[in-house]
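Just passing along the structure, written as structure tokens.
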Amino acid sequence: MLLAFAVLTNVYLFRSSSERVAVVRLARDVAAGHKLERADLTVARVAVGSGVPTVPERQLEDVVGRRVAIHLRGGTLLAASQLAAGRSPQQGQALVTVPLKAGEVPPGLAPGWRVRVVFTTGGQAPAAGASTQGGPSVVPRDVEAVVDQVSAPDA
């Protein structure tokens, strides 16, 4: 009787572990802020635990048109937490790329950090809007910003 119970338990565990559900998966790499298109997404049938966040296949069309909050690699199972809550950038904001040398980046800089962008002329050509008529140079005021994405150095 104990042997029969052990066999039935193993059969149950094996069958329940092989139950697969259809979830949304990324077909290719997408950058932070990218507006998802249908071609960016596929459906995969996978066995996932109840604690693993995924987007079910039935919500696929709800995901199309939304923006991703972080850079994601192709093949990643999509989770709702990886999608931006609102439109990015918001009305009255701009998304600006700021190339920095490795020594200029604060250690541990990551998306979500609040930073202040400080404009300087640094002995280079006058900044945009700076006076070149011999008068005092005008440097744009400092700007508060939020880091959207940090990527590896580009050769």
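Pulled fully out, how much extra length does the chain show between residue 141 and residue 5, if you take 0.36 nm times their separation in residues and subtract their Cα-Cα distance?
41.5 nm
If you don't mind, another one. Full extension from residue 21 to residue 47: what is 0.36 nm times the residue separation minus their Cα-Cα distance, to one decimal in nm?
8.7 nm
Next up: Using R₀ = 22 Å, calculate the FRET efficiency as 1/(1 + (r/R₀)^6) where r is the Cβ-Cβ separation of residue 71 and residue 93; round to 0.05.
0.65
Which order do the peptides 53-66, 2-15, 21-34 take when ranked by the mean count of other beta-carbon atoms within 10 Å per residue, highest first? It would help to have the intermediate numbers written out before the result.
Numbers: 53-66: 14.2, 2-15: 9.1, 21-34: 16.9.
By packing density, highest mean first, the sequence is 21-34, 53-66, 2-15.
What is the set of long-range amide H partners of residue 70 at a cut-off below 5 Å, with H atoms built 1.01 Å from backbone N?
Amide H neighbours of residue 70, under 5 Å, 5+ apart: 33.
Read-outs: derived from the displayed coordinates by stated rules, not from any lab. Values in this document were obtained by computation on a predicted structure and should not be read as measured data. In this analysis, Cβ positions are derived from the backbone assuming ideal geometry, glycine residues included, and neighbour counts consider all displayed protein chains.
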